[in-house]
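Before any comments, here is the structure.
The values are calculated or read from the model by the stated rules, or taken from the named source; none is laboratory data. Since the model is a prediction, treat every value here as computed from it, not as a measurement. Here the Cβ positions follow ideal geometry from the backbone for every residue, glycine too, while neighbour counts run over all protein chains shown.
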Amino acid sequence: MDCLKNIREEISSLNEELVALRRDFHMYPELGFQEQRTSEKIASYLKNLGFTVREKIAHTGVTGVLEGSGEGRCVLLRADMDALPLEEQNDSSYCSRNKGVMHACGHDAHMAMLLVAAKVLSRRREEIPGKIVFLFQPNEEVGGALKMIEEGALEDPKPDAAFAIHVWTPIESGKIAATAGPVMAALDTFEITIKGQGGHTGAPHTAIDPVLAAADLVTSVQMIQTREIDVLKPTLIMFGKINAGTANNIVPDEVKLGGTIRYLYRSGPDSPEKPLVRFERIVKNVCQAHQCDWDLEFSPENTTVINDEGVTALVRKAAGEVVGPEDLVDYIGTAGEDFSEFARILPSCFYFLGAGRTGDGLSYPHHHPRFDIDEDVLPTGVEMHIRTAFAFLKKHEVKISPR
Ligand SMILES: [Zn+2]
Ligand SMILES: [Zn+2]
């Protein structure tokens, strides 16, 4: 592609701006749906590039549309904007100035990479055979994507495919992981109250013991993962909270439990796995066996991120050009990611840019108060955005599978 001939040199000439943008976002992190300053900065940057800009979608979301010269396809590139309620423990010159709030997931890098990609692409308007939507989404950590879609972020223009990059410290710096199929797990949380009847631990037969029922439940639901659902369809059931009781010699009235169910497949009414239906059946039957009453509430957080084979092949091809085939790896995670909402509607690829460096304190996990990324990978992310957008807009390079 001729128009991408000197792309690396051009991105490298913007490196100072790229790092400055990332550090500015890092210094002034904002929580989900409150990304006011972040949102204004993005909108004014995109307006300066001459894009059609929409603001305040889902409170603080922004889209900028670059209209190329042709009537071709439309591609969406997405970055998330929110930080986490965490006190930063780094002492870098650019550490968080907002007390108790921190970009500890790398979303600062996502915004900077996408803005610089927008700038480089805006200089190639004539060679772009379609449209590019640059979408900046609030509140990824608590599912802001759906609200943005509900408020029309995917209308006018309507994208034909979507791409997103996540910088990822568990992957070695400079590697790219793009995998077709499920790559990030669905997440549902649950709250259970098991209601028994309190009494004296010296005469338990006169009480109804919800503690024994809870213990039974915690182990019984684990049968779902291997005895009921194919082990090659990963399902992860974890209890994070168990609370009951006031004294050692009192049988409590009730036990409260809370936890998460994560799974790496699409679970719809027509799919055979149905982990929540199975979970509810076991809760009901275990509680009945123990003569207890129960309450069970599920809160869905994310569906599974499932990457489309065709557009993922295109990302893998671009990664081969950008980092070389030896640094193209596979990665599947069990964290949640609300890009799943875009991937449900559009053929999509959510891929990882390795940003972890061993030995110099840059490899803390995401959501850790000492999290940081290797900034040397930022230009790679910019180049990936540009190459995947171009490749997708050149129709013959990828087939879109029907949805
Ligand atoms: Zn996160
Ligand atoms: Zn994240």
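State yes or no: is Gly143 of a type in the set (Gly, Ala, Ser), out of contact with any helix residue (DSSP H, G or I) (no Cβ under 6 Å at 6 or more places or on another chain), surrounded by fewer than 22 Cβ atoms within 10 Å (Cβ to Cβ) and at pLDDT 95 or above? Talk me through it step by step, then tell me what you get.
Details: of a type in the set (Gly, Ala, Ser): yes; out of contact with any helix residue (DSSP H, G or I) (no Cβ under 6 Å at 6 or more places or on another chain): yes; surrounded by fewer than 22 Cβ atoms within 10 Å (Cβ to Cβ): yes; at pLDDT 95 or above: no.
No: the conditions fail for Gly143.
Give the residue that is farthest from the chain's Cα centre (by Cα), with candidates limited to residues of the range 85-113 that are in a helix (DSSP H, G or I) and within 14 Å of ligand 2 (Cβ to nearest atom).
Met113
Can you tell me which of (1) farther than 26 Å from Asn6 by Cβ; (2) at pLDDT below 95 is the one Pro347 doesn't meet?
So Pro347 meets the others, but not (2).
Would you point out which residue out of Ala164, Ala145 is closer than 30 Å to Ala58 by Cβ, within 16 Å of ligand 2 (Cβ to nearest atom), small (Gly, Ala, Ser) and not in a strand (DSSP E or B)?
Of Ala164, Ala145, the one residue that is closer than 30 Å to Ala58 by Cβ, within 16 Å of ligand 2 (Cβ to nearest atom), small (Gly, Ala, Ser) and not in a strand (DSSP E or B) is Ala145.
Which residue out of Leu121, Leu84, Leu115 is more than 28 Å from Ile7 (Cα to Cα) and not hydroxyl-bearing (Ser, Thr, Tyr)?
Going through Leu121, Leu84, Leu115 in turn, just one is more than 28 Å from Ile7 (Cα to Cα) and not hydroxyl-bearing (Ser, Thr, Tyr): Leu84.
Do we find that Arg125 is surrounded by fewer than 18 Cβ atoms within 10 Å (Cβ to Cβ), of a type in the set (Lys, Arg) and in contact with a Gly (Cβ under 7 Å, 6 or more places away or on another chain) in this structure?
It is true that Arg125 is surrounded by fewer than 18 Cβ atoms within 10 Å (Cβ to Cβ), of a type in the set (Lys, Arg) and in contact with a Gly (Cβ under 7 Å, 6 or more places away or on another chain).
Would the range 173-185 turn up any residue that is touching a Gly at 6+ places or on another chain (Cβ under 8 Å), within 16 Å of ligand 1 (Cβ to nearest atom), under 23 Å from Glu309 (Cα atoms) and not in a strand (DSSP E or B)?
The answer is yes; a qualifying residue exists.
Give me the residue from the range 326-341 that is closer than 21 Å to Thr189 by Cα and of a type outside the set (Val, Ile, Thr) and, out of that set, surrounded by the fewest Cβ atoms within 10 Å (Cβ to Cβ).
Step by step, filter the range 326-341, then rank; the result is Ala335.
Being closer than 13 Å to Gln137 by Cβ and in the same structural domain as Ile7 (by TED's automatic domain parsing) narrows it down to one of Ala58, Ala83, so name that one.
Checking each option against the conditions leaves just Ala58.
Can you tell me how many residues in the range 98-142 are at positive phi and within 12 Å of ligand 1 (Cβ to nearest atom)?
Counting residues in the range 98-142 that are at positive phi and within 12 Å of ligand 1 (Cβ to nearest atom) gives 2.
Could you check how many residues of the range 342-365 are surrounded by fewer than 19 Cβ atoms within 10 Å (Cβ to Cβ) and either within 16 Å of ligand 2 (Cβ to nearest atom) or not in a loop (DSSP other than H, G, I, E, B) (or both)?
Counting residues in the range 342-365 that are surrounded by fewer than 19 Cβ atoms within 10 Å (Cβ to Cβ) and either within 16 Å of ligand 2 (Cβ to nearest atom) or not in a loop (DSSP other than H, G, I, E, B) (or both) gives 4.
What helices (runs of 4 or more DSSP H) completely inside the range 1-51 contain at least 1 residues that are touching a His at 6+ places or on another chain (Cβ under 9 Å)?
Hits in the range 1-51: 15-27, 36-48.
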